[in-house]
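Single-structure report; data block below.
Here, each number is a calculation from the coordinates, and none is a lab measurement. Source: prediction; values computed, not measured. Please note: Cβ atoms are built from the backbone with ideal geometry, for glycine as well, and neighbour counts cover all protein chains shown.
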There are 2 protein chains.
Amino acid sequence: MNVTIDFGGTNIKIGLIRDGEMLAKISIPARSGTGLLSRLPDVEEGIRRLLGEAGTSLAACGGIGIALPGIIDGEGKTLLSIKDKYTDALGFDFAGWSQERLGLPLVVENDARAALIGETAYGAARGERDAVLVIFGTGIGTAAMIGGRVLRGKHGQAGILGGHLTTDIYGERCNCGNPGCLEAQASHWGIPLRAAKLPGYADSALAAETDWGYASVLRASEEGDAFAARLEADLLRHWSAGIVNLIHAYDPEVVILSGGLMKSAARILSPLAEMVREQAWTPWGAPRFLAAGDPETSVLLGMSYLADRHDS
Amino acid sequence: MNVTIDFGGTNIKIGLIRDGEMLAKISIPARSGTGLLSRLPDVEEGIRRLLGEAGTSLAACGGIGIALPGIIDGEGKTLLSIKDKYTDALGFDFAGWSQERLGLPLVVENDARAALIGETAYGAARGERDAVLVIFGTGIGTAAMIGGRVLRGKHGQAGILGGHLTTDIYGERCNCGNPGCLEAQASHWGIPLRAAKLPGYADSALAAETDWGYASVLRASEEGDAFAARLEADLLRHWSAGIVNLIHAYDPEVVILSGGLMKSAARILSPLAEMVREQAWTPWGAPRFLAAGDPETSVLLGMSYLADRHDS
């Protein structure tokens, strides 16, 4: 049994997991604008509360797994790079904190990579050995597995930067510094910035939108807004190009889609899969598409899988 | 000692190699428009001639290695997909041919993957374990190595389709079927097709060019042709985006550049590396750039490395 923590942008999820089974879970506000380190006392309190409610204690736990939305060093110890939020945690000794406060070993991993591990170990893609995962969240997180091995790379970057593969070099510059990243053109944070520059925006219902995101575009399109319909078609081009990039880069049998966009799976999954099949060069056949169950759960399950196998 | 063969579009190179040393090499015309299978009698004759001139025989050889510009199955046995040329070799039993005609085991590999193996085993990148290679040839071939393992993937596609990662989804459709591939925008075959559609083309010296390619663009730019100068700047954007895509996908320490474009390395390598360093998200530092020595030799050396280690 171990304790798993997912530092999301809005909420911090804490789960108690044994052998892929979620025994208990709580969520506390992230307040990510104020950083990560100042949240650690509340996280510790949350862990103790969760254990208490489950009628167990730290002594029964084997370790801690922490997922973060950034680049983690190759040894699973610390955070090397992150955009915008939680930057105060760069280089922080998470394992030292865990040993001191909780007396347990700790492993850190990128959240999308944790989600892929969770989905292939316990979730929708159980048993798959060649898979890519895309989380359409605030940004676009990805991870890749080849022959049963999750790609990490020399500096922890392999597989997780699929949102930072280019779809349009003449497009918006990304907050990572690269012109044309998929994430800057077609993610939750990228869409409103780009949409505001497109012709017809001022006449669209979206110009008055205050709760921007994937859902607002799809809803306005469904309600007949012409600008939103064009934007939806354009976003499908970017999303399909981004997925084709992953297929061409990593040669998967399965593409797992996750994140907020999947709340609209009924509307977009079928046309998206069709575009990908038309465009990808896969003479062996066509990768299957899977929608991940609950992305938050898959991240926590993946961290539990890693914590079970971690020596520190 | 073994015999290595590189089926290029213009010439078929045949090398006799022992422990990374090229003992002898010949080249015969490819006539690739007429297919591959009809060239096998000449290839066999070339092998016997090469061995005779080197004062040795098939009995002294351990195996054959064949490099092809296409997708090879995961077991190194046959060709799964190829564009335009040599399509008659799809599914051909190369090992059967070799056993029957030469009495030797045989391994087949993608030519860019062979070049990466040759460069890391014996060449400019000797000893590197995290590397990507780009061959700017007729098309744009790539390969990737992570932690000393060359990426192959479930269906033999991983790493070799870097020329088919997107740089501009609104750009030219590639002959692979995908809109916006780097190769369709910025390779030897892609450049003239795209250039002819760009504003100012008719007034450029390039409009009268009959020997199109990387060199003709760079030469016209150097001679003051305004259209060619704009095209060169645009091509640098595509090439750098393509390399950033590989860095983001595979997390290498070294980027090896090869192929015809490298004849102009003195002009483009420095600005290209500078653009890549500015754009790539590599908080650990910056990948080094290496220009491969002779790309033909690196392919043959890589096939020899594979033939030495192949059981069939």
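On the rotation that sends chain A to chain B, the chain A Cβ lying closest to the axis gives residue and distance in whole Å as A:Ala249, 2. With neighbour counts taken as other beta-carbon atoms within 10 Å, the residues B:Thr10, B:Thr120, A:Thr166 rank, fewest first, as B:Thr10, B:Thr120, A:Thr166. Amide H to amide H, with H built 1.01 Å from N, A:Ala24 comes under 5 Å of A:Leu16, counting only residues 5 or more places away or on other chains. Placing a label point 7 Å from Cα along the Cα-to-Cβ direction at B:Arg101 gives distances to the equivalent points in the other copies of 6.9 nm, listed shortest first.
Across the identical copies, the 7 Å label point of A:Gly35, projected outward along Cα→Cβ, sits 7.1 nm from its counterparts, in ascending order.
Residues A:Thr142, A:Thr210 in ascending order of nearby Cβ atoms (within 10 Å, fewest first): A:Thr210, A:Thr142.
Evaluating 6.51 cos²θ - 1.76 cosθ + 1.60 at θ = phi - 60° for every residue in the range A:147-156, the Karplus couplings come out as x, x, 9, 6, 6, 10, x, 4, 10, x Hz, glycine and proline recorded as x. Near A:Ala30: Cβ cut-off under 14 Å, other residues only, Lys/Arg at +1 and Asp/Glu at -1. The net charge is -2. Put simply, the amide H of A:Glu172, placed in the peptide plane, has neighbours under 5 Å in A:Gly180, leaving out anything fewer than 5 places away on its chain. Simple spin-label estimate for B:Arg48 and B:Ala266 gives 4.5 nm between the two label positions (7 Å along the Cα-to-Cβ direction from each Cα). Taking A:Ile28, A:Ile12, A:Ile140 in turn, the Gaussian network model of chain A (Cα-Cα springs below 10 Å) assigns the largest fluctuation to A:Ile28. Copy-to-copy label distances for B:Arg48, where each label lies 7 Å from Cα along Cα-to-Cβ, are 8.6 nm in order of increasing length.
With a ≥ b ≥ c the root eigenvalues of the C-alpha gyration tensor of the range B:15-133, is it rounded (a/c under 1.5), prolate (a/b larger than b/c) or oblate? Note, shape of the range B:15-133 comes out oblate. 3J(HN,Hα) along the range A:63-69: x, 10, x, 10, 9, 10, x Hz, from the Karplus curve 6.51 cos²θ - 1.76 cosθ + 1.60 with θ = phi - 60°, whole Hz, x for Gly and Pro. Within the range B:15-119, the GluC sites (Glu not before Pro) that combine a DSSP coil assignment with at most 12 other C-beta atoms in a 10 angstrom radius are B:Glu75. Here each label is just a point 7 Å from Cα along the line to Cβ, and for A:Ala233 and A:Ala286 those points are 2.1 nm apart.
Residues whose amide H comes within less than 5 Å of that of A:Arg288, counting only those at least five positions distant or on another chain, are A:Val254, A:Val255 (H built at 1.01 Å from N in the peptide plane).
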